[in-house]
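> After the structure tokens below, expect a handful of questions from me.
The values are calculated or read from the model by the stated rules, or taken from the named source; none is laboratory data. The shown structure was predicted, so the numbers you read here are calculated from the model rather than taken from an experiment. Cβ atoms come from the backbone with ideal geometry, glycine included; neighbour counts cover every protein chain shown. The protein model used for the area step is the full one, side chains on, heavy atoms only, and it has no ligands, DNA or RNA in it. Shrake-Rupley method; radii C 1.70, N 1.55, O 1.52, S 1.80 Å.
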Amino acid sequence: MLITVNDETHDVAATTLAELLEELGYRGARIATALNGHFVPALQRAATPLADGMRVEVVAPMQGG
Amino acid sequence: MDVLFYGQALSSPLMLGTAQYPSPEILRDAVLAARPGVVTVSLRREAAREKTGQAFWSLIQELGVPVLPNTAGCHTVKEAVTTAHMAREVFGTDWVKLEVIGEQDTLQPDVFGLVEAARILSEDGFKVFPYTTEDLVVAERLLACGCEVLMPWGAPIGSGRGLNNVFGLRALRAHFPGVPLVVDAGLGVPSHAAQALELGYDAVLINTAVARAGNPAEMARAFSLAVEAGRLGRAADPMEERDMAAPSTPVAGKAFLG
């Protein structure tokens with residue numbers, strides 16, 4: 001299944017958002033996620049199914065003013 | 001008495017941004033020199049293989065200063081609201097410095113989108129610090145939405161021009177005597193920060209002026225002294241201005257030498 005993560009397309013085996021993050025190596029990272037532009041809380045990632053062509057955003061703390 | 005920001009006193013009226021420093025070490029030195037009441041932080045895309053955000057988060061935790069996440073770079077209500085939700089989860093705080101940018105050259109807020117986003121987020125339990133202009137009507141609307149703090153700009157973000165509209169900022173202070181007010185954006189040198197506190201503003205937010213100084217740590221310390229001077233000056237009740245000179249040395253008893 002093709003999923004776009006932060007504008008990069010990945011061919012993944014994952015079927016949920018939680019599995020996707022695990023597969024891509026985000027385990028343990030302090031991140032937040034959005035699916036097709038909608039925020040998905042950490043607790044809902046395991047229950048959030050993926051479909052071909054979905055767009056995922058993964059963000060983390062960064063310097064800001 | 002300490003000014004409360006959503007019920008919380010800050011240890012200093014200086015809020016310090018964490019962006020644009022030459023290195024993480026210099027950022028750390030600047031924060032240690034400034035001893036700010038909060039540091040502002042943001043969110044950006046994280047690549048799994050690089051984990052740059054994780055290193056930054058470790059540094060911020062080590063500094064032990066409360067964080068104020070921003071929605072910098074957001075141009076729509078939806079973007080800003082989604083970013084605020086992600087920030088609340090990542091940073092573990094319901095404080096958010098709400099930016100909805102409306103114009104690319106001046107980076108001034110889209111005040112219509114700002115009011116709408118502030119209402120949505122306030123209803124959702126966020127404690128919103130809106131980056132706004134000095135417009136009194138917009139300020140009224142933001143307060144009516146549930147905002148308990150206002151952050152008017154001094155000048156365009158990163159411009160270093162100081163307080164562009166002193167009259168407007170003074171009017172805002174006078175209209176909302178009980179609302180914590182923070183000058184956010186546009187300050188360039190410590191005297192600008194002192195002036196904001198002398199006008200009765202409760203805090204200032206500085207980033208570029210410190211990060212882009214030749215010596216960020218020294219500039220951070222200078223700003224920290226400036227806000228303290230400004231606050232003390234305000235509390236000491238400044239004299240009134242007058243148009244004509246008035247001799248400070250007594251005239252009575254002066255020797256006649258003509």
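> Residue by residue through the stretch B:11-20, note down the ones that are crowded, with 21+ Cβ neighbours inside 10 Å and assigned to a loop (DSSP other than H, G, I, E, B).
Of everything in the stretch B:11-20, those that are crowded, with 21+ Cβ neighbours inside 10 Å and assigned to a loop (DSSP other than H, G, I, E, B) turn out to be B:PRO13, B:THR18.
> Further question on the same structure: Could you check the stretch B:159-188 and list, in sequence order, the residues that are surrounded by fewer than 18 Cβ atoms within 10 Å (Cβ to Cβ) and in contact with a helix residue (DSSP H, G or I) (Cβ under 7 Å, 6 or more places away or on another chain)?
B:GLY160, B:ALA171, B:HIS175, B:PHE176, B:VAL179
> Sticking with this structure for a sec: Looking only at the stretch B:39-65, which residues are within 7 Å of chain A (Cβ to nearest Cβ), small (Gly, Ala, Ser) and assigned to a helix (DSSP H, G or I)?
Scanning the stretch B:39-65 gives a single hit, B:GLY53.
> Does B:THR18 satisfy being in contact with a Ser or Thr (Cβ under 8 Å, 6 or more places away or on another chain) and not small (Gly, Ala, Ser)?
Here the answer is yes, as B:THR18 does meet what is asked.
> Would you confirm whether or not the stretch B:73-83 contains a residue that is in contact with a Pro (Cβ under 8 Å, 6 or more places away or on another chain) and not basic (Lys, Arg)?
Within the stretch B:73-83, not a single residue is in contact with a Pro (Cβ under 8 Å, 6 or more places away or on another chain) and not basic (Lys, Arg).
> Could I ask something else about it? If you scan the stretch B:201-232, which residues turn out to be open to solvent by less than 30 Å² (accessible area, probe 1.4 Å) and over 17 Å from B:LEU32 (Cα atoms)?
B:TYR201, B:ALA203, B:VAL204, B:GLY230
> Out of all the residues in the stretch B:25-38, which are open to solvent by less than 70 Å² (accessible area, probe 1.4 Å) and either part of a loop (DSSP other than H, G, I, E, B) or at the interface with chain A (Cβ under 9 Å from one of its Cβ atoms) (or both)?
Listed by number, the residues that qualify are B:LEU27, B:PRO36, B:GLY37.
> Can I ask one more? Please work out if B:LEU187 is closer than 30 Å to B:ARG141 by Cβ, in contact with a Phe, Trp or Tyr (Cβ under 9 Å, 6 or more places away or on another chain) and within 14 Å of chain A (Cβ to nearest Cβ).
Values: closer than 30 Å to B:ARG141 by Cβ: yes; in contact with a Phe, Trp or Tyr (Cβ under 9 Å, 6 or more places away or on another chain): yes; within 14 Å of chain A (Cβ to nearest Cβ): yes.
Against the criterion (closer than 30 Å to B:ARG141 by Cβ, in contact with a Phe, Trp or Tyr (Cβ under 9 Å, 6 or more places away or on another chain) and within 14 Å of chain A (Cβ to nearest Cβ)), B:LEU187 qualifies.
> Looking only at residues that are more than 9 Å from chain B (Cβ to nearest Cβ) and either assigned to a strand (DSSP E or B) or modelled with pLDDT under 95 (or both) in the stretch A:54-65, which one is surrounded by the most Cβ atoms within 10 Å (Cβ to Cβ)?
Keep residues of the stretch A:54-65 that are more than 9 Å from chain B (Cβ to nearest Cβ), which gives A:54-56.
Subset that is either assigned to a strand (DSSP E or B) or modelled with pLDDT under 95 (or both): A:55-56.
Working: A:ARG55: 14, A:VAL56: 20.
Filtering first and then ranking leaves A:VAL56.
> Related question: Name the pairs whose Cβ atoms lie under 6 Å apart, with the first residue in the stretch B:171-199 and farther than 15 Å from B:ASP135 by Cβ, the second of a type in the set (S, T, N, Q) and open to solvent by 10 Å² or more (accessible area, probe 1.4 Å), and 6 or more positions between them or separate chains?
Note: pairs meeting the criteria are B:GLY186/B:SER159.
> Turning to a different aspect of this structure: For the stretch B:66-90, give me the residue count where each residue is open to solvent by less than 60 Å² (accessible area, probe 1.4 Å), within 24 Å of B:LEU14 (Cα to Cα) and assigned to a helix (DSSP H, G or I).
Counting residues in the stretch B:66-90 that are open to solvent by less than 60 Å² (accessible area, probe 1.4 Å), within 24 Å of B:LEU14 (Cα to Cα) and assigned to a helix (DSSP H, G or I) gives 3.
> Could you list, ordered by first residue, the pairs with Cβ atoms under 7 Å in which the first is in the stretch B:1-24 and aromatic (Phe, Trp, Tyr) and the second is open to solvent by 30 Å² or more (accessible area, probe 1.4 Å), at least 6 apart or interchain?
Close Cβ pairs satisfying both conditions: B:TYR6/B:LYS127; B:TYR6/B:GLU148.
> Then there's this: Which ones in the stretch B:96-140 are small (Gly, Ala, Ser) and either in a strand (DSSP E or B) or open to solvent by less than 10 Å² (accessible area, probe 1.4 Å) (or both)?
Passing the criteria: B:GLY113, B:ALA117, B:ALA118, B:ALA139.
> Moving on to the next point. Being at negative phi, polar (S, T, N, Q) and free of Cβ contacts under 8 Å to residues at least 24 places away in the same chain is the filter here; which residues of the stretch A:1-43 pass it?
A:THR9
> Then there's this: Restricting the search to the stretch A:1-52, which residues are at the interface with another protein chain (Cβ under 8 Å from one of its Cβ atoms), in a strand (DSSP E or B) and open to solvent by 80 Å² or more (accessible area, probe 1.4 Å)?
Residue satisfying the conditions is A:HIS38 alone.
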